[in-house]
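Shown next, in structure tokens, is the structure this report addresses.
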Amino acid sequence: MKSSRRAFLKSSIGAPAAAIGLPMFVTRSLRGASAPGNLINVGVIGTGRIAREHDMPGILKHGESARITAVCDLDSNRLEEGRRFVQARYAAKGISVAVRTYGDYREMLQNKELDAVLICTPDHWHAKPAIEAAQAGKDVYLEKPTSLTIAEGRAMSDAIMRSGRVFQMGTQQRSWEQFRVACELVRNGRVGKLHTVQIGLPGDPAGKPEPEMPIPGNLNYEMWLGSTPYVYYTENRVHPQKGYERPGWLRCEQFGAGMITGWGHHHVDIAHWGMNAEYSGPVEIKAAAEFPQSGLWDVHGDFSVEATYPGGVRMLISGKFPNGIRFEGSEGWIFVTRGDYSVTTSDPTGGNDIQSPLSASDPSILKSQIGPDEIHLYRSSDHHGNWLECIRSRQPTICTVEVGHRGCTVCLLSHIAMKLRRTLYWDPIRERFRNDDEANRFLSRAQRWPYQIGEVGS
């Protein structure tokens with residue numbers, strides 16, 4: 001597998017996406033709910049903030065073609081609220097659905113009536129259920145970031161490509177028109193020769209020390225910790241016991257890397273799309289960051305990253321830039337952002353002063369038409385809808401697993417560089433640092449039994 005993957009990457013780095021071809025899937029024997037004209041049965045793993053405000057609504061609006069028929073959560077209160085949430089919204093449309101509940105996603109995956117799963121768990125619970133869902137024959141929609149470590153991401157990408165399952169990475173900016181338009185203009189040379197990409201990301205504040213608290217009876221905390229080391233329970237380490245505000249785990253390095261993988265995966269994904277670097281990565285990276293010296297929350301605060309790609313294009317990431325992506329070329333620049341749109345009500349804004357979703361050094365750049373013989377990128381206006389369409393057609397989605405893994409890798413490389421505070425040299429084909437044993441030790445983490453992924457970590 002490794003040798004064939006390396007050959008694929010060697011041929012694909014620097015090649016147009018249409019030329020390399022995205023993974024093609026052999027059409028499975030469609031039957032039952034997966035048959036054309038029948039409903040796609042979807043299970044949801046994790047019913048917290050992002051599931052309620054973004055992912056479940058993204059499926060619920062497609063009630064004529066897909067149904068959420070099962071939900072799973074390690075918090076029994078959230079599990080019941082998730083069931084009620086789904087059934088109430090179907091009832092409002094005059095649709096009666098009996099939603100099954102599971103306290104363990106592995107039991108859900110044994111349900112042969114389910115065709116696909118949405119995975120909306122904390123970052124440290126992304127790769128393992130995605131791998132096991134694909135192995136169980138389910139198509140997968142996975143919230144970003146792809147994985148907690150680069151080794152996990154590689155294991156997941158390989159497993160899903162072997163399975164032939166349809167996979168969508170939850171980098172929904174790809175399905176927003178302004179991001180596609182920006183990337184098409186850049187790919188077709190409207191800013192001249194690309195030399196720099198600036199990415200603006202907000203940081204996270206430090207928190208105060210938090211006392212140990214009794215584990216709520218409704219939470220399976222042991223399994224919630226998963227492959228990570230055991231640490232005492234306190235509410236601000238996990239999620240609110242009442243309501244669905246931004247959870248504390250997002251700011252704990254044990255479970256993720258902070259905003260560099262949070263929003264970073266979204267923005268790096270778009271940068272790669274415009275750079276034609278979706279199957280590649282930087283060859284050199286350095287970073288600096290401030291980390292809290294006390295308190296429960298320990299992810300990075302203010303930071304800066306500089307990554308150099310084959311051909312010399314530089315990617316700069318910092319909270320000092322406006323929140324979004326700016327492509328700079330020899331003949332001008334294009335800036336693209338979400339504007340004032342938020343996926344969830346508790347999203348940080350990052351203090352973005354530029355609210356226009358798309359702007360350029362010369363307004364005429366944005367009026368430029370892409371000719372029939374120029375590069376036309378994958379079009380999608382509905383990220384969840386694209387996933388459902390591809391489940392039926394068995395064609396690649398707008399953000400496949402390998403593309404997702406490569407975008408997440410850059411975020412994780414940035415985090416490693418923040419920790420080591422020196423220039424690192426990366427081989428995007430071998431996915432190893434060059435002659436740097438210390439840096440390579442950061443590619444995986446020790447994994448706690450029985451939640452480990454195969455041979456990843458030790």
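Which Cα, out of His272, Cys72, Ile398, lies furthest along the positive dipole direction of the chain (beta carbon charges, K/R +1, D/E -1)?
Ile398
Per DSSP helix of 4 or more residues, -39500 (n - 2.57); summed, then divided by the residues of the chain. What does that give at 222 nm, rounded to the nearest 500? Show your work: numbers first, answer last.
Working: 15 runs with 137 residues, N = 458.
Counting only the DSSP helices, I get -8500 deg cm²/dmol.
What is the gain in length, in nm to one decimal, between Gln241 and Glu113 on full extension, counting 0.36 nm per residue of separation less the C-alpha to C-alpha distance?
Values: separation 128, 0.36 × 128 = 46.08 nm, distance 3.16 nm.
The span from Gln241 to Glu113 would gain 42.9 nm if fully extended.
To the nearest 20 debye, what is the magnitude of the charge dipole of the chain about its Cα centre, counting +1 on the Cβ of each Lys and Arg and -1 on the Cβ of each Asp and Glu? Don't skip to the answer; put the middle values down first.
Working: 53 positive and 50 negative charges, 191 e Å.
Result for the chain is approximately 920 debye, rounded to the nearest 20.
If you take Cα Rg over 2.2 N^0.38 Å from the coordinates, which of (1) 0.94; (2) 0.87; (3) 1.19 do you get?
Correct label, based on the coordinates given: (1).
Full extension from Ser294 to Ala92: what is 0.36 nm times the residue separation minus their Cα-Cα distance, to one decimal in nm? Intermediate results must be reported in sequence, preceding the final value.
Working: separation 202, 0.36 × 202 = 72.72 nm, distance 4.79 nm.
Value of the extension gain: 67.9 nm.
Go through the stretch 283-298 residue by residue and turn each phi into a ³J(HN,Hα) via Karplus (6.51, -1.76, 1.60, θ = phi - 60°); whole Hz please, and just put x for glycine and proline.
These are the phi-based 3J(HN,Hα) values: 9, 8, 8, 9, 7, 9, 7, 9, 10, x, 9, 7, x, 6, 7, 10 Hz.
Quick one: if the Förster radius is 30 Å, what FRET efficiency do Tyr451 and Glu64 give, using the C-beta to C-beta distance and rounding to 0.05? Mind dumping the intermediate values first?
Working: r = 38 Å, r/R0 = 1.26.
Efficiency computed from Cβ-Cβ geometry: 0.20.
What's the exposure ranking of Thr397, Thr69, going from fewest to most Cβ atoms within 10 Å?
Numbers: Thr397 26, Thr69 21.
Going from least to most buried by this count: Thr69, Thr397.
Could you list Met315, Met156 so that the one with the fewest beta carbons within 10 Å of its beta carbon is first and the one with the most is last?
Values: Met315 24, Met156 29.
Least crowded to most crowded, the residues run Met315, Met156.
Whose amide H sits under 5 Å from the amide H of Val44, counting only residues 5 or more places off or on another chain, with H placed in the peptide plane?
Excluding prolines and chain starts, which carry no amide H, the hits are Ala70, Val71, Cys72, Leu118.
What is the sum of charges, Lys and Arg at +1 and Asp and Glu at -1, for the other residues whose Cβ falls under 15 Å from the Cβ of Asp269? Can you show the working numbers first?
Values: positive: Lys144, Arg174, Arg180, Arg187, Arg338, Arg406; negative: Glu143, Glu278, Glu402.
Counting the neighbours of Asp269, the net charge comes to +3.
Can you sort Ser364, Ser157 by how many other beta carbons sit within 10 Å, fewest first? Walk me through the numbers before you get to the answer.
Details: Ser364 10, Ser157 26.
Ranking Ser364, Ser157 by Cβ neighbours within 10 Å, fewest first, gives Ser364, Ser157.
Mind giving me the FRET efficiency for Arg162 and Glu222? R0 is 35 Å, r the Cβ-Cβ distance, nearest 0.05 is fine.
The pair Arg162/Glu222 has a calculated efficiency of 0.70.
Do any trypsin sites (Lys or Arg not before Pro) in the stretch 239-315 lie in a loop, going by DSSP, with at most 10 other beta-carbon atoms within 10 Å of their beta carbon, and if so which? Don't skip to the answer; put the middle values down first.
Values: sites: Lys242, Arg251, Lys286, Arg314; in loops: Lys242.
Counting only loop positions with at most 10 other Cβ atoms within 10 Å, the trypsin sites (Lys or Arg not before Pro) in the stretch 239-315 are Lys242.
Could you compute the FRET efficiency for Thr101 and Ser330, with r as their C-beta to C-beta distance and R0 at 51 Å, rounded to 0.05? Could the numbers behind the result be given before it?
Numbers: r = 57 Å, r/R0 = 1.12.
Result of the calculation: an efficiency of 0.35.
Between Asp436 and Met213, 0.36 nm times their residue separation minus their Cα-Cα distance comes to what?
Values: separation 223, 0.36 × 223 = 80.28 nm, distance 4.11 nm.
Full extension from Asp436 to Met213 adds 76.2 nm.
Here, each number is a calculation from the coordinates, and none is a lab measurement. If you're wondering where the values come from, they're calculated on a predicted model, not measured in any experiment. Heads up, the Cβs are rebuilt from the backbone with ideal geometry, glycines too, and the neighbour counts pull from every protein chain shown.
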